[in-house]
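These notes concern the structure reproduced below.
The values are calculated or read from the model by the stated rules, or taken from the named source; none is laboratory data. As the structure is a computational prediction, the values presented were derived from the model and not from experiment. FYI the Cβ positions are ideal-geometry reconstructions off the backbone, even for glycines, and counts take in every protein chain you see.
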Amino acid sequence: MKQYYEAHVTMLGSPAGIEPLVTALGWKFSAIDGDPNLGTGVKCYATRQFNKRFGEMLAIDNLLMAAGRLEAAGVKVLRRKVELVVFDDRSKAVREACDGACPECVGAP
């Protein structure tokens, strides 16, 4: 299984207002009511995956840039997190998180 970094920005606010901001950044949007770590209430998430071979700093830099843009748009950011995923069998899409065609991979050495 390919290892990859998964970056998350956790936010408070209206999902309808935050989703267009997240998708305009090229990140995936989701929202849940009740976060296991951050408690009750609706939390919004921006998520993006990065190929491990480019290192954690690529994921961290992109995470900080996205969070900064969201904050500049008035979104309340609660958490910024990068995880190294070493195993995840939830779906075929997750197993094939990076096929080398993502913007970070194109033209890489």
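Of the residues making up the range 1-36, those that are without any contact (Cβ under 8 Å) to a residue 12 or more places away in the chain and under 21 Å from Asn62 (Cβ atoms) are Pro20, Thr23, Ala24. Scanning the range 71-109 for residues that are modelled with pLDDT of 95 or more and assigned to a helix (DSSP H, G or I) returns Glu71, Ala72. Restricting Asn51, Asn37, Asn62 to residues that are at pLDDT below 95 and surrounded by 17 or more Cβ atoms within 10 Å (Cβ to Cβ) narrows the list to Asn51. For the range 37-70, residues that are in contact (Cβ under 8 Å) with a residue 40 or more places away in the chain and assigned to a strand (DSSP E or B) total 5. From the list Val9, Val22, the lone residue that is part of a strand (DSSP E or B), closer than 16 Å to Lys81 by Cβ and at pLDDT 95 or above is Val9.
Would you check if Gly68 is modelled with pLDDT of 95 or more, surrounded by fewer than 20 Cβ atoms within 10 Å (Cβ to Cβ) and at positive phi? For Gly68, the condition - modelled with pLDDT of 95 or more, surrounded by fewer than 20 Cβ atoms within 10 Å (Cβ to Cβ) and at positive phi - is not met.
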